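Asks: My questions will all concern the structure given below.
The values are calculated or read from the model by the stated rules, or taken from the named source; none is laboratory data. Since the structure is predicted, the reported quantities are computational estimates derived from the model, not experimental observations. Don't worry about glycine lacking a Cβ; one is built from the backbone with ideal geometry, like all the others, and counts go over all protein chains shown. Ligands, DNA and RNA are stripped out before the accessible areas are found, and what is left, the full protein with its side chains, is counted by its heavy atoms. Shrake-Rupley method; radii C 1.70, N 1.55, O 1.52, S 1.80 Å.
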Amino acid sequence: MQKYRVEKKSTLWRESKNVRVAMLYLLPSIVLFSIFLFYPMLRTIYLSFFLTDAQGTAALFVGLENYIYILQSSQFQKSMMSTFLFVLYTVPTGVILALFLAVLANEKMKVIGLFRTLFSSTLGMSVAASSVIWLFLFHPTVGILNSFLGLFGINSIPWLLDPTWALISIAITTVWMNTGFSFLILLGGLQNIDRHLYESARIDGAGYFYRLFRITLPMLSPTMFFIITITFINSFQSFGQVDILTRGGPAESTNLIVYSIYQDAFINYQFGTASAQAVILFAIVFLLTLIQFKFGEKKVHYQ
Amino acid sequence: MKIFTASFRYFLLIASSFVLFFPIVYAFLVSFMTGPEVLSRSLIPSQLFIENYERVFRTVPLLQYITNSFVVSTAVMIGQLIVCSMAAFVFAFIPFKGRNVIFILFVSTLMIPWEAAMIPNFLTVQSFGWLNSYLSLTVPFFALAFGTFLLRQHFKTIPHELYEAAQVEGLNRFQFFYKVVIPYSKTSLVTLGIYGFLTTWNMYLWPLLVTTNDSKRTVQIGLKQLQTVEVATEWGVVMAGVVIVIIPTLLLLFIGQKQLQKGLTEGAIK
């Protein structure tokens, strides 16, 4: 970081030149962050203490009652339970799948570029398009997934109709959608590992799995940690796949937290309780990001 | 032995690509099937039945939606490039007291999930009279902490001698910014551009909230609409819609994949 020595006759005005210029460059970002991120966040917290009318204006201060109400409501408890189950289904599966693909595609081989492109393709797929495709694959009469299972003598699965399966179906769709991004980042992490490490290991006669578990995975740990956090955060924020595949059903089994917020706010006009749920979502994501910064930073330095 | 491991690896690569890419290929195939073919769960269409594509455009104003999405995605992309590169320039080149505090303020925005702020944001754009307008779909997304960091990383690799040389040449700071820094950082600007376009094109929840009629609705919401209108009868038509929606982003991804991977890795890891 360089320092500027201003000439002897420097006045306060001249000294502050950097600040003024910097502020000019930062102004758009600061204004936009304030209007669309900081203010709404404070407003969400504020609204969570009020009963609101249908226009979203705070009408009656109720303190923590919104929180007490949602924490006691079986609907919210169910929503939290589904969200946690959903995270449990998607995070380990997604990360392991992406890691498997990245390790597979990291070798220097012919046409490997084509495979890398195919593996990362879901990054270009929107939530809406992906969900519509999977809705079709899961369909009870035209869905090809069940006919495929039938080839192996497996009975038809009621994908979106049974509460347990519906959550699994949403999880499958989500893992598929996230694979492209996770794969791309993990592949990048793998390619950043110093080649010399492998060469010296090979000279020492280390086998494939020794190299995988003693060099690749430890050196990849910061990237892994990053991907795990991102996948966690993404899972908590899932919305589109729920809206298109199940609309929260059957029997509210897929009413994940963001969908629950959406329903409370924009369908039932309960902005107060919706805001309380949004604050809870914020707390979860905030915590996860904080953990990522704390531990992620350390590990990067370690490397 | 070596041939064995190589062919085993190819086998795994091909099998995984098949599993992962199948839904996309199948959507493409179904978009050329007639109704009865879909109902009989065929895998391959017997002919190229392009009527599905014609019907998509007749069922929903898809052309309007595509135009909307292009306008919105391009505007966000350009807006992000301008706003983020300006902020990144400060964090890389203009030192001042309190810069770290502002930097931490920027970092803190990463901890706020957009969904947690959406209720007041909806009320805000409503009070601005921005519902069903391009403004609500673009302006809130111009500032982006991720983009600022990505560009800052790259700006910092610019040798300081270049800055001094520019000052000797008599360039002022703004000239240095757009004559030296911007051209020098073309690669990371392209990365951020692709990323911004992709994410905006694929946005779902926010356009669902702020658009209520066809004039500004984006393709993603159009897809949901198409699926609700057509679902019971014509899956071929719905899949034709899907194909039209995914082609621009898939193309962009295939063309910019190497670039995007490099840029994202740098932004994520370093």
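Asks: Give me the percent relative contact order of chain A, please, defined on Cα pairs under 8 angstrom at least 6 residues apart.
Replies: Values: 331 pairs, mean separation 83.5, N = 303.
Answer for chain A is 28 percent.
Asks: Taking Cα pairs under 8 Å and at least six residues apart, what relative contact order does segment B:140-226 come out at, in percent? Could you put the intermediate results ahead of the total?
Replies: Numbers: 25 pairs, mean separation 23.0, N = 87.
The normalised contact order for segment B:140-226 reaches 26 percent.
Asks: If you don't mind, another one. Excluding ligands and nucleic acids, what accessible area in Å² is computed for B:HIS154 using a 1.4 Å probe, to the nearest 10?
Replies: 40
Asks: What percent do you get for the relative contact order of segment B:87-205 when only Cα pairs under 8 Å and 6+ apart count? Write out the running numbers ahead of the final one.
Replies: Working: 39 pairs, mean separation 40.1, N = 119.
It rounds to 34 percent for segment B:87-205.
Asks: Right, something else. Expressed in nm², what is the orientationally averaged projection area of the convex hull enclosing the Cα positions of segment A:221-286?
Replies: Numbers: hull surface 20.5 nm².
If you wrap the Cα atoms of segment A:221-286 in a convex hull and average its projections, you get 5.1 nm².
Asks: If one takes the longest principal axis of the Cα atoms in chain B, at what angle in degrees, from 0 to 90 and to the nearest 10, does the Cα axis of helix B:219-230 lie?
Replies: Orientation of helix B:219-230: about 20 degrees from the principal axis.
Asks: Give me the aspartates and glutamates in straight-line cross-link reach of B:LYS156: C-alpha distance below 20 Å, same-chain residues under 8 apart excluded.
Replies: By straight Cα distance, B:LYS156 reaches A:GLU297, B:GLU164, B:GLU266.
Asks: Then there is this: Tilt of helix B:235-269 relative to the longest C-alpha principal axis of chain B, in degrees (0 to 90, nearest 10)?
Replies: 30
Asks: I've got another one for you. Report, in order of residue number, the helices in chain A meeting two criteria: a C-alpha extent of 15 Å or more along the helix axis, and a mean Kyte-Doolittle hydropathy of at least 1.6; treat each whole DSSP H run as one helix. Kindly include the intermediate steps, with their values, before the conclusion.
Replies: Details: long enough: A:17-33 (24 Å, 1.36); A:74-105 (46 Å, 1.43); A:127-138 (16 Å, 2.27); A:163-191 (42 Å, 1.25); A:217-236 (28 Å, 1.51); A:271-302 (45 Å, 1.02).
Flagged H segments are A:127-138.
Asks: Over the Cα atoms of chain A, how large are the radius of gyration and the largest Cα-Cα distance (Dmax), in Å?
Replies: 24.9, 89
Asks: If you wrap segment B:143-270's Cα atoms in a convex hull and average its projection over all directions, what's the area in nm²?
Replies: Values: hull surface 43.2 nm².
Result: a mean projected hull area of 10.8 nm².
Asks: In debye, nearest 20: dipole of chain A around its Cα centre with unit charges on the Cβ of K, R (+) and D, E (-)?
Replies: The calculated dipole for chain A is roughly 1500 debye.
Asks: So how exposed is B:TRP114, as accessible area in Å² (1.4 Å probe, rounded to 10)?
Replies: So the heavy atoms of B:TRP114 present about 50 Å² to solvent.
Asks: Averaged over peptide A:171-179, how many Cβ atoms belonging to another chain are found within 10 Å of each residue's Cβ?
Replies: Working: counts 0, 0, 1, 0, 0, 3, 1, 0, 2.
That average works out to 1.
Asks: Considering only protein heavy atoms, with the full assembly of protein chains and a 1.4 angstrom probe, order A:LEU161, B:LEU162 by accessible area, largest first.
Replies: Values: A:LEU161 120, B:LEU162 65 Å².
Of A:LEU161, B:LEU162, the descending order of accessible area is A:LEU161, B:LEU162.
Asks: Of B:PHE146, A:GLN237, B:PRO207, which is farthest on the positive side of the dipole of the protein assembly as shown, counting Cα position, with +1 on Lys and Arg Cβ, -1 on Asp and Glu Cβ, and the Cα centre as origin?
Replies: Of the options given, the answer is B:PHE146.
Asks: Can you give the mean number of other chain Cβ atoms that lie within 10 Å of the Cβ atoms in peptide A:247-256?
Replies: Other-chain Cβ atoms within 10 Å of each residue's Cβ, averaged: 0.
Asks: Given chain B, report the % of alpha carbon pairs whose separation exceeds 27 Å.
Replies: Working: 19746 of 36315 pairs.
Tail of P(r) above 27 Å: 54 percent of Cα pairs.
Asks: For A:THR254, what charge total do you get from the other residues with a beta carbon under 13 Å from its beta carbon, if Lys and Arg give +1 and Asp and Glu give -1?
Replies: On the way: positive: A:LYS78, A:ARG247; negative: A:ASP162, A:ASP243, A:GLU252.
It works out to a net charge of -1.
Asks: What's the Kirkwood radius of the protein assembly as shown in Å, using all Cα pairs? It would help to have the intermediate numbers written out before the result.
Replies: On the way: mean 1/r = 0.0389 Å⁻¹.
25.7 Å is the Kirkwood radius here.
Asks: On to the next question. Using only Cα atoms, find the angle between the long axis of helix B:186-201 and the longest principal axis of chain B, and express it within 0 to 90 degrees, rounded to the nearest 10.
Replies: Computed tilt is about 40 degrees.
Asks: Compute the separation of the alpha-carbon centres of segment B:1-34 and segment A:43-116 and state it in Å as a whole number.
Replies: So the separation of the two Cα centres works out to 31 Å.
Asks: Compute the orientation-averaged projected area for segment A:134-264 from the convex hull of its Cα atoms and round it to one decimal in nm². All intermediate terms of the calculation are to be shown ahead of the outcome.
Replies: Working: hull surface 43.4 nm².
So the mean shadow area of the Cα hull is 10.8 nm².
Asks: Let me ask you something else. Calculate for chain A the 222 nm mean residue ellipticity that helices alone would give, adding -39,500 (n - 2.57) per DSSP H run of length 4 or more and normalising by residue count, nearest 500 deg cm²/dmol.
Replies: -22000 deg cm²/dmol
Asks: Which far-off residues, 5 or more places away or on another chain, put their amide H under 5 Å from the one on A:ALA59, with H placed in the peptide plane?
Replies: For A:ALA59, whose amide H was placed from the backbone, the distant partners under 5 Å are A:LEU51, A:THR52, A:ASP53.
Asks: Per-residue accessible area for B:ARG41 at 1.4 Å probe radius, Å² rounded to 10?
Replies: Taking all protein chains as shown, B:ARG41 has close to 70 Å².
Asks: For A:LYS294, B:LYS97, B:LYS179, write out the residues from largest to smallest accessible area, computed with a 1.4 angstrom probe and no ligands counted. Present the calculation step by step, with values, prior to reporting the outcome.
Replies: Details: A:LYS294 145, B:LYS97 190, B:LYS179 110 Å².
Of A:LYS294, B:LYS97, B:LYS179, the descending order of accessible area is B:LYS97, A:LYS294, B:LYS179.
Asks: Going by accessible area, probe 1.4 Å, with all protein chains left in place, what is the ranking of A:GLU65, B:GLU266, largest first?
Replies: Values: A:GLU65 115, B:GLU266 70 Å².
The residues order as A:GLU65, B:GLU266, largest area first.
Asks: Using a 10 Å cut-off around each Cβ of peptide A:132-142, what is the average number of partner chain Cβ atoms that fall inside? Intermediate values should be presented prior to the final figure.
Replies: Details: counts 13, 11, 2, 4, 11, 4, 0, 4, 0, 3, 6.
Mean inter-chain Cβ contacts per residue within 10 Å come to 5.
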